[in-house]
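The structure appears below as structure tokens.
The values are calculated or read from the model by the stated rules, or taken from the named source; none is laboratory data. Small disclaimer: the values here were computed from a predicted structure and weren't measured. All Cβ positions, glycine included, derive from the backbone under ideal geometry; neighbour counts span all protein chains shown. For the accessible areas, the whole protein counts, side chains as well, though only heavy atoms, and no ligand, DNA or RNA atoms are used. Shrake-Rupley method; radii C 1.70, N 1.55, O 1.52, S 1.80 Å.
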Amino acid sequence: MILLSLLLIPLIGGIVAWYSERFNPDYPRWVALASLILCWVPVLPYFSAFTLEQMPQWLVDEPMRWIPRLNITAHLAMDGLSFLLVILTLAMGLVALSSAWTEIKKRTGFFYLNLLWTLAGVMGVFLAMDLFLFFVFWEVMLVPMYLLIAIWGYENRQYAAFKFFMFTQAGGLLMLLSLAGLVILHYQQTHILSFDYTVLVQNPITGDLAYWIAVGFTVAFIVKLPALPFHSWLPDAHTQAPTAASVILAAVLLKTGGYGLIRFVLPLFPDAAKAIAPLMMTIAGVGVVYGAMMAFVQKDLKRLIAYSSVSHMGFVLLGCFAMNIYALQGAVMQMLAHGISTSALFVLVGMIQYRFKTRDLDKLGGLWQQVPRLSAIGLFFGVASLGMPGLGNFVAEFLVLVGSFEKYPWYTVVAASGLILGAIYSLIIIYKTFFGPRGDSVQTSEVKGAAEVTDTSNREATTLLVMVVILVYMGVHPQPFMDMVQSNLLQTIAKGLL
Amino acid sequence: MLTNFLSYGVDMQIPDSLLMLIPLLPFVSSLILIFVNPPKKIVTLLGVGSVGCAALIALLFNISLWGQTDYVIKAGFGNWMTIDKLVINFDFYLDALSLVMISIITGVGFFIHLYSTGFMDEDTDYRRYFAYLNMFVSAMLVLVLADNMLLLYLGWEGVGLCSYLLIGFWYKNRDNNMAANKAFLMTRIGDTGMAIGLFLLFYQLGTLNIQDMQTQAVAVWAPGSDLQGNSMATLCCLLLLAGAVGKSAQLPLQNWLPDAMAGPTPVSALIHAATMVTAGVYLIARNTQLFQLSPDAMFVVALVGTCTLLLAATAAMVQNDVKRILAYSTISQIGYMFLALGVGAGSVAVFHLMTHAFFKALLFLSAGALIYSVHHEHNIFKMGGLLKKLPVVAASFAVGCAALASLPFTSGFFSKESILEKIVDSGHTELWWAAVIGAFITAFYSGRLFFVVFLGKMQQEPNHTPTKTMHIALLVLIVPSIFAWMQPQGLIALMPGLPSKGLSDLQHWLPIFTPIAALMLAFGLYRANFFGSELKSPALQSIHQLLKSGWGFDFIYHHLFVLPFKWLCHINRNDIIDLFYRRLEDTARLMHGFVTGFQNGRLRSYSASLVLFCVLAISWVVLK
């Protein structure tokens, strides 16, 4: 019941938050905070897994009956990979909450309902070990996210929300078809009707159709990642989403794509994965460069960071299909490190927009003179995103590149040029926002004088500093994270080698 | 702690773990300065004191290892990451080479920190300055102490970051920001090459530990094995060289360094003269055995060094800005070090690195004092006659220039002579001539710089006098600039060079008289008022212009790389891939419009379409 409670707390918390708005518009955020903190209780005991010598296959395994006629179960289970991603979700949920705390004033109850439900959906995705259940959660996380963007977003929110929904829904349809195909093919080949991951993974299906089913799954996942050429929903969605939604989108929603590749595509279709690897490596390599080049020319700070996400997530794709342990470890690290560093950047943009009422790089500049603390933290995360050694992002990118160099040296060289291009757009962020003379918007807000622009509040500074600490910890001591997933990833690779 | 050391008595044995304190002290001090805002006195104490303590510990190591040649001290903070064969530790490794490096970094670094307390006294960002500077020292120490390539890379990128932050220290000025960006990006290009080199080395040799790499490389690519192995060794070495040329501002990634002078002058002294820019030399010296397996790569190193030293020396002849002259001379002197490395004389290269660190730091600090004294003027032609007004500065400048010009009995003389001697031993006569010509030009522009600034008529009265701490730093640095005559013996044991062949008379005497002749020429031209005067012939003017721009590399790179890249990014600003989806959207809307057109509420068109459909359906059935 532990995992079930993990899902039920935010679901119920969301409804309570919604209802509590009737009494006071301030209540929902407190309810949301309480339920997010409560969520930590079920996972806390599993932190002891960091000290285990040998990771068990599953930390928790909770099979439950659901639709016995089709042998669909409500099978929830958590291993090292799920555990890390659930922690990431909970932590970034708190960050999102912190960034929404004063920013959201309209329909607060409904906002926090959607926020909590999105988190519940994402955690469900990370925990569901039955494919049908997985699909249900995959859809559950979409709708509240759509509403978050469509209701509380910026200028062009309807368009962005709709685009987001269409892309992911198209991917979802593809997944549903592939899922049905997988189960039917598996039934034909083994005469076992099951949606259960643990059953399916034992006898990977074979044949031509298996290849196309694998492609279907892969496309569904890389739309979410997002990889080229399905990335174009992301810049719009990020730019228009409220800060809290951007944080969740960048930190965890994108990670469901990478998670799907590692959890399902690689172990369920080892042969097909090998066959499509060169194509995926191409997409990844080109995506790294393309995303970075697009980021370079953006005028909107949020859009710039969104494109940088495309570039960074290219490394995840590269790592997944390089099929060796360094690269896969790197891909997992990249999911965690990118989740933290990019959402921190979005939080910062949110703070800048709140204070200076603009995200336009041409109107910003010289922030260091006015808000030095915020700028120093911004400098840190800018530097993190260009892959400075000593921070989590470097460990991740280094491992991915080392790993993919073994079999795909040229793709790696292309992706490595992303290190140079990554430096370009990261320096642009720092250069145009924090350094230089004061920009137009920065000046006007001072001239007005009415609303004094203040540096980071304690709440904001604490949120960001915690993220700084985690990122540094991941950079200098990544071993516990890597040990968590090592045995799983080795098994996945062993499947591919058979 | 001090009593602890003393109790070891005369025959001092220092605990190895003390090694870890050397980079840790400046690092902790930097962190404190970032997060806490103490009073200015405490900032000074932390900033200067931490580096001072590190220097003291380095001194203790020097004393305890004095006279020994074959020593290795290891200490570590534990594991960084372990996956399969990839085992990376936070381990430090001290041998003769890294001992020389940490002594330079902490020793010269300490005096530059001391000097900075005077130079930056009036700056409002005093604390931020020392936080960055301490962070730099710590990263540089990690770089030279690292026992594996990944930890070295951490230091390598760390110093790059600090260099970036310090070049753009006065961040309100866009020019400074651009110079910082340029420095970071150009070195990053080299670094990426180096990173790819690390991947390749890891798969070829199965380790990233530097010492294991050397033994493995000899085992895998030993001379006489098949051709494939050797060309792989060459490739690995060239990729490492890419990192080295980026950091050390060598051809073709040299043109960031003159712009990097936008930073505060003590920063130029520490980072862009004494320490960081010599990291490339250190990297190659550290991997000597690896490079020796590939004669081709060695020759490329020598060639890069030779071309760079000539190119930068000629550019230095025509600059007006005192800091740019020194920047070009740094590039040129590091060219000498690369040349020495390329002819297999690593120990001599590091010897020159050491003497250069002393006299170039001295030159930059006195240039800083000079600029500080004369209304922040950088143009040497607006100075003049400052000999009497600023005697200490003039004296230290004179010593620095003499050592740079390698006048006999200065430190620069001994190190440059050894380099020339080793080139002869290697048998590359053409490179020897190039180096001698370079020495001539070096002495010439050193003379020009000194004469124009300190002799003749006074152009403007100095308005500041350098503070006491600045004077102390200058006076202390004068001593090693003159007297660092001997190369550390441990280096020779570590990197034995080629056997000496003996010099001919010409090869012995020419390099000694070259700088003297060049100085006399410079003095003659100075008396003839040649420097700073308008050039008559247009051909000479355009040559002057070309040299002044550092052979036009900025222009070439701007048109060859920057503009096409910008153009390519800009034409795709609206994301061509997204265009497809937007067309899809338009198509859907068009179809929507078309289909809804039928639902117009007119009975007439409904019945017409009904009839039309029936006719078509029946005729289809019939005709089929």
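Table: residues versus (1) out of contact with any Phe, Trp or Tyr (no Cβ under 7 Å at 6 or more places or on another chain); (2) over 19 Å from B:I88 (Cβ atoms); (3) among the acidic types (D, E).
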residue	(1), (2), (3)
B:L201	yes, no, no
B:N230	no, yes, no
B:C237	no, yes, no
B:P252	yes, yes, no
B:L257	yes, yes, no
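Of B:G552, B:G524, all but one fail to be closer than 24 Å to B:V452 by Cα and free of Cβ contacts under 8 Å to residues at least 60 places away in the same chain; the exception is B:G524.
If you filter segment A:327-369 down to residues that are touching a strand residue (DSSP E or B) at 6+ places or on another chain (Cβ under 8 Å) and open to solvent by 10 Å² or more (accessible area, probe 1.4 Å), you find that the one that is nearest to the other protein chains (Cβ to nearest Cβ) is A:D360.
When B:Y126, B:Y115 are checked against the criterion of being surrounded by 21 or more Cβ atoms within 10 Å (Cβ to Cβ), of a type in the set (F, W, Y) and farther than 29 Å from B:F202 by Cβ, a single residue qualifies: B:Y115. Scanning segment B:448-466 for residues that are over 29 Å from the mean Cα position of the chain (by Cα), in a loop (DSSP other than H, G, I, E, B) and at negative phi yields B:L455, B:K457, B:M458, B:Q459, B:Q460, B:E461, B:P462, B:N463, B:H464, B:T465. If the condition is being assigned to a helix (DSSP H, G or I) and within 14 Å of chain B (Cβ to nearest Cβ), then segment A:315-326 contributes A:F315, A:L318, A:G319, A:I325, A:Y326. Has segment B:513-523 got at least one residue that is modelled with pLDDT under 85 and over 25 Å from the mean Cα position of the chain (by Cα)? No; the residues of segment B:513-523 include none that is modelled with pLDDT under 85 and over 25 Å from the mean Cα position of the chain (by Cα).
What number of residues within segment B:77-124 are of a type in the set (S, T, N, Q) and assigned to a strand (DSSP E or B)? Quick ask: steps written out before the conclusion?
So in segment B:77-124, the residues of a type in the set (S, T, N, Q) come out as B:79, B:82, B:89, B:98, B:103, B:106, B:116-117, B:124.
Applying the additional criterion that residues be assigned to a strand (DSSP E or B) yields B:79, B:82, B:89.
So the answer is 3.
Given the structure, is A:Q240 in the same structural domain as A:V86 (by TED's automatic domain parsing) and open to solvent by 10 Å² or more (accessible area, probe 1.4 Å)? When the stated conditions are applied, A:Q240 passes them.
B:L201 - would you say it is open to solvent by less than 10 Å² (accessible area, probe 1.4 Å), farther than 25 Å from A:Y411 by Cβ and more than 9 Å from every other protein chain (Cβ to nearest Cβ)? Criteria not met by B:L201.
Scanning segment B:148-168 for residues that are within 12 Å of another protein chain (Cβ to nearest Cβ), farther than 17 Å from A:G387 by Cα and either part of a helix (DSSP H, G or I) or in contact with a Lys or Arg (Cβ under 8 Å, 6 or more places away or on another chain) (or both) yields a count of 1. Filtering segment A:189-232 to residues that are under 15 Å from the mean Cα position of the chain (by Cα) and within 14 Å of another protein chain (Cβ to nearest Cβ) leaves A:I222, A:V223, A:P226, A:A227, A:H231.
If B:G158 satisfies all but one of (1) touching a Pro at 6+ places or on another chain (Cβ under 8 Å); (2) buried (at least 24 other Cβ atoms within 10 Å of the Cβ); (3) not charged (D, E, K, R), what's the number of the condition it fails? It is condition (2) that B:G158 fails. Kindly indicate whether B:L151 is crowded, with 24+ Cβ neighbours inside 10 Å, of a type in the set (A, V, I, L, M, F, W, C) and closer than 19 Å to B:P23 by Cα. For B:L151, the condition - crowded, with 24+ Cβ neighbours inside 10 Å, of a type in the set (A, V, I, L, M, F, W, C) and closer than 19 Å to B:P23 by Cα - is met. Within segment B:236-247, one or more residues are part of a helix (DSSP H, G or I), closer than 19 Å to B:G438 by Cβ and not acidic (D, E).
Residue count for segment A:454-491, restricted to those that are buried (at least 20 other Cβ atoms within 10 Å of the Cβ), outside any helix (DSSP H, G or I) and at pLDDT 90 or above: 1.
Among all positions in segment B:560-576, there is no residue which is in contact (Cβ under 8 Å) with a residue 12 or more places away in the chain, surrounded by 12 or more Cβ atoms within 10 Å (Cβ to Cβ) and either assigned to a helix (DSSP H, G or I) or in contact with a Phe, Trp or Tyr (Cβ under 6 Å, 6 or more places away or on another chain) (or both). Go through segment B:286-324 and give me each residue that's touching a Lys or Arg at 6+ places or on another chain (Cβ under 9 Å), surrounded by fewer than 24 Cβ atoms within 10 Å (Cβ to Cβ) and either among the aliphatic types (A, V, I, L, M) or in the same structural domain as B:L546 (by TED's automatic domain parsing) (or both). Scanning segment B:286-324 gives B:M317, B:V318. Within segment B:25-83, the set of residues being open to solvent by less than 10 Å² (accessible area, probe 1.4 Å), within 14 Å of chain A (Cβ to nearest Cβ) and under 24 Å from B:C162 (Cα atoms) comprises B:S30, B:L33, B:W80. All of B:N176, B:N148 fail the test of being more than 18 Å from the chain's Cα centre (by Cα) and among the polar types (S, T, N, Q), apart from B:N148. Taking segment A:27-108 as the region of interest, the strands (runs of 3 or more DSSP E) fully inside it that hold 2 or more residues being in contact with an Asp or Glu (Cβ under 6 Å, 6 or more places away or on another chain) are A:76-78.
Quick one: which of A:G392, A:G378, A:G403, A:G439 is touching a residue at least 12 places away in the same chain (Cβ under 8 Å), under 23 Å from B:D84 (Cβ atoms) and away from every other protein chain (no Cβ under 11 Å)?
After ruling out the rest, the residue left standing is A:G392.
Got at least one residue in segment A:37-55 being of a type in the set (D, E) and surrounded by 16 or more Cβ atoms within 10 Å (Cβ to Cβ)? Checking segment A:37-55: not a single residue is of a type in the set (D, E) and surrounded by 16 or more Cβ atoms within 10 Å (Cβ to Cβ). For A:L379, the criteria (1) open to solvent by less than 10 Å² (accessible area, probe 1.4 Å); (2) over 19 Å from B:Y153 (Cβ atoms); (3) of a type in the set (A, V, I, L, M, F, W, C) hold in every case but one, which is (1). Within the span defined as segment B:125-147, one or more residues are more than 30 Å from A:W368 (Cα to Cα), assigned to a strand (DSSP E or B) and within 14 Å of chain A (Cβ to nearest Cβ). Selection within segment B:248-285: residues that are part of a loop (DSSP other than H, G, I, E, B) and polar (S, T, N, Q). The member of this set that is surrounded by the fewest Cβ atoms within 10 Å (Cβ to Cβ) is B:N255.
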